[in-house]
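Novice: Before I ask anything, here is the structure I am working with.
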Amino acid sequence: MNLISGIETTAGALSAQKIRLDIVAQNIANAQTTRTPEGGPYRRKIISFENELVKRAGGVALQTVNISSITDDKSPGQAVYNPQHPDAGPDGTVVMPNVNLAFEMVDLITASRAYEANLSVVKNARNLAMKTLQIGK
């Protein structure tokens, strides 16, 4: 009998939120990157989640969260007039990345809170399992 089956479900959510935090950090780190190996300015990354039904032995099914995709945001970046910039065009404008730091900070806080909430679920499940084992003593 598995007393802490909720941890299996929460582990997927913890992993997904960790990757979300990594993507947000990458977006913030590249907020001023105007030249990438692919050419052009950095494109903000967007992460998408999906629910997955996991069937276990005994016919019990659990839902967990997985990452369905990490894609580039196709919205255009802001054109800034800066003729001294090495990536400036003939008209003196530079296309900046489409990263909005305010949105990224909100996303960072949201992902951090979601990670903390899932971690709290794991701790509570562990405590409940320990209490259950103490009842049998």
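Novice: Evaluate the following for Arg20: is it in contact with a Phe, Trp or Tyr (Cβ under 9 Å, 6 or more places away or on another chain), modelled with pLDDT of 90 or more and either in a helix (DSSP H, G or I) or surrounded by 15 or more Cβ atoms within 10 Å (Cβ to Cβ) (or both)?
Specialist: yes
Novice: Turning to a different aspect of this structure: Among the candidates Ile7, Ile28, single out the residue that is in contact (Cβ under 8 Å) with a residue 24 or more places away in the chain and within 30 Å of Met130 (Cα to Cα).
Specialist: Ile7 is the lone residue from the list that is in contact (Cβ under 8 Å) with a residue 24 or more places away in the chain and within 30 Å of Met130 (Cα to Cα).
Novice: Working only within segment 53-86, note down all residues that are part of a loop (DSSP other than H, G, I, E, B), surrounded by 10 or more Cβ atoms within 10 Å (Cβ to Cβ) and at pLDDT below 90.
Specialist: Residues satisfying the conditions are Arg56, Val60.
Novice: Would you please name the residue that is farthest from Ile28 (Cα to Cα), looking only at residues in segment 96-134 that are touching a Ser or Thr at 6+ places or on another chain (Cβ under 7 Å) and not in a helix (DSSP H, G or I)?
Specialist: Met96
Novice: Can you spot a residue in segment 36-52 that is part of a helix (DSSP H, G or I) and closer than 16 Å to Thr9 by Cβ?
Specialist: Scanning segment 36-52, I find no residue that is part of a helix (DSSP H, G or I) and closer than 16 Å to Thr9 by Cβ, so the answer is no.
Novice: Could you grab me the full set of residues in segment 87-104 that are without any contact (Cβ under 8 Å) to a residue 24 or more places away in the chain, among the hydrophobic types (A, V, I, L, M, F, W, C) and surrounded by fewer than 15 Cβ atoms within 10 Å (Cβ to Cβ)?
Specialist: Ala102, Phe103, listed by residue number.
Novice: Sort through Glu8, Glu38 and tell me the only one that's farther than 14 Å from Glu104 by Cα, at pLDDT below 95, of a type outside the set (Gly, Ala, Ser) and loosely packed, with under 13 Cβ neighbours inside 10 Å.
Specialist: Answer to the check: Glu38.
The values are calculated or read from the model by the stated rules, or taken from the named source; none is laboratory data. The model shown is predicted, which means the values in this text are computed figures rather than measured ones. Backbone-built Cβ (ideal geometry, glycine too); neighbour counts: all protein chains shown.
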